[in-house]
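Heads up: the structure comes next, in structure tokens.
The values are calculated or read from the model by the stated rules, or taken from the named source; none is laboratory data. Since we're looking at a predicted model, the values are computed, not measured. Accessible surface areas use protein heavy atoms only, side chains included; no ligands, DNA or RNA. Shrake-Rupley method; radii C 1.70, N 1.55, O 1.52, S 1.80 Å.
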Amino acid sequence: MRKRTVIGGGLLALVLAGGLTGTAQAAADRVHHWGPVQSKGGHGGHAKADVWLDDFDSERFVVSGKLYDRDRHGGHCAYIRVKFHYVSGGSGWSQGRYTCSSKGAAFTFSSDGEVHRADAKVCVLDRTRREIRLRNCYTDPMRASVVADWPR
């Protein structure tokens, strides 16, 4: 999958985002289009997220985008969570977000400091039984070294 860098100010990022909801400030923070991150396919479908990243050298790293439910079973929803790996050591998970809408829902996660890697975990959230379960998860590691190698 080819990754691309969005060059320019917040207005250009907003135009290229094409329908992503959020404030103008959130659009200005979107610098790199990481692209789609999709859960593994199950018998009823999958979950999909379109992901944008801030610069890795930012003091507060932002992962944002739109999450889509692509599973046709009732009670199955799309779920996303991000694990931040900090430059100073250690890691931490963001709170999870979910949607049961095929039209999608916007999400934004931010770190508590400078990071060298962030892992986006996209799953199908199964709410059909007594206990809520995450199924068909896929984790996409987003590294500073990958973004640095993108054409400018």
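I'd like the carbon and sulfur percentage of the solvent accessible area for the stretch 50-102, probe radius 1.4 Å, heavy atoms only, ligands and nucleic acids excluded.
40
Does the stretch 25-103 classify as rounded, prolate or oblate by the C-alpha gyration tensor (a ≥ b ≥ c root eigenvalues; a/c under 1.5 gives rounded; else a/b over b/c gives prolate, otherwise oblate)?
Prolate shape, in that a/c is at least 1.5 and a/b is the bigger ratio.
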